[in-house]
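Nothing in this text is a laboratory measurement; each read-out follows from the coordinates by a stated rule. On a predicted model such as this, the values are computed, not experimentally measured, just so you know. Virtual Cβ from ideal backbone geometry, glycine too; neighbours counted across all protein chains shown.
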Amino acid sequence: MYYYDFKVVLQEVPGEISLCFSISGCNLRCEGCHSPFLWKEGNGNILTEEIYTTLLNQYKNLATCVLFMGGEWHETELITMLQLAKKQNLKTCLYTGEKYVSEAITKQLTFLKTGKWKQKIGGLEKTNTNQNFINVKTNQNLNYLFSKN
Ligand code: SF4
């Protein structure tokens, strides 16, 4: 599994300080995709367990969540990464363009964002968006947390 970049982000998971890994190899080809550099499998660097755990340890006292932008196409590796995060008492989140991801992945998540990017409709901050951000355990839709009003 290759990651194009790593960032600490504050808005993608409301109320959380998230360690965000953008995984390359997305084949959904959404029109108007904001991250076409994620389309090509192998773009970026290999996310080894060593690199990953080093980053988790480095941000141990700051981060509250680990966020994957994609990566569901590497199910086994993604699950391993999510489990490692949970072991460190971090919450976990996946942003996917798919409508659904496997139960095996979902079981490892605190939050899940689903739905393709549709430029004409817009993202989570729009009331008529096709995307959903949920609390996995309660199945509660949390899109309202992204609303700018
Ligand atoms: S899911 Fe995200 S990265 Fe993949 S094509 Fe759609 S907008 Fe781009």
Checklist outcome for this item: Kirkwood radius from Cα pairs of the chain plugged into Stokes-Einstein at 4 °C, 1.567 mPa s, gives D in µm²/s equal to 84
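Chymotrypsin sites (Phe, Trp or Tyr not before Pro), restricted to the range 81-139: which are DSSP loop and have at most 13 other Cβ atoms within 10 Å?
Values: sites: Tyr95, Tyr100, Phe111, Trp117, Phe133; in loops: Tyr100, Trp117.
Passing both the DSSP loop test and the Cβ count: Tyr100.
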Checklist entry - Shape call for the range 94-149 from the C-alpha gyration tensor, a ≥ b ≥ c root eigenvalues: rounded (a/c under 1.5), prolate (a/b greater than b/c) or oblate? => result oblate
Checklist entry - Under 17 Å from the Cα of Lys118, which aspartates and glutamates turn up, not counting those fewer than eight places away in the same chain? => result Glu31, Glu98
Checklist entry - Can you give the relative contact order of the chain as a percent, counting alpha carbon pairs under 8 Å and 6+ residues apart? => result 19
Item to check | Top positive-direction residue, dipole computed over the range 2-146 with Cβ charges, set Leu28, Cys93, Asn139 | outcome: Asn139
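For the chain, give the share of DSSP beta bridges that are antiparallel, in percent and rounded to the nearest 5; count only bridges with both residues there.
Values: 14 of 27 bridges.
Counting only bridges with both partners in the chain, antiparallel ones make up about 50 percent.
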Item to check | Euclidean distance between Cα centres, the range 87-132 to the range 1-33, Å | outcome: 11
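Within the set Lys99/Lys148; Lys60/Lys86; Lys60/Lys137; Lys7/Lys137; Lys87/Lys116, which residue pairs have Cα atoms separated by over 20 Å?
Working: Lys99/Lys148 24 Å; Lys60/Lys86 12 Å; Lys60/Lys137 24 Å; Lys7/Lys137 26 Å; Lys87/Lys116 30 Å.
Pairs exceeding the cut-off: Lys99/Lys148; Lys60/Lys137; Lys7/Lys137; Lys87/Lys116.
At 222 nm, what helix-only mean residue ellipticity would the chain give, in deg cm²/dmol to the nearest 500, using -39500 (n - 2.57) for each DSSP H run of four or more? Can you show the working numbers first?
Numbers: 3 runs with 27 residues, N = 149.
Calculated mean residue ellipticity at 222 nm is -5000 deg cm²/dmol.
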Checklist entry - Zone of Ile51 (label point 7 Å along Cα→Cβ, backbone N under 11 Å): which residues in the range 1-39? => result 1-6, 22-24
Item to check | Least to most buried among Val66, Val9 (fewest other Cβ within 10 Å first) | outcome: Val9, Val66
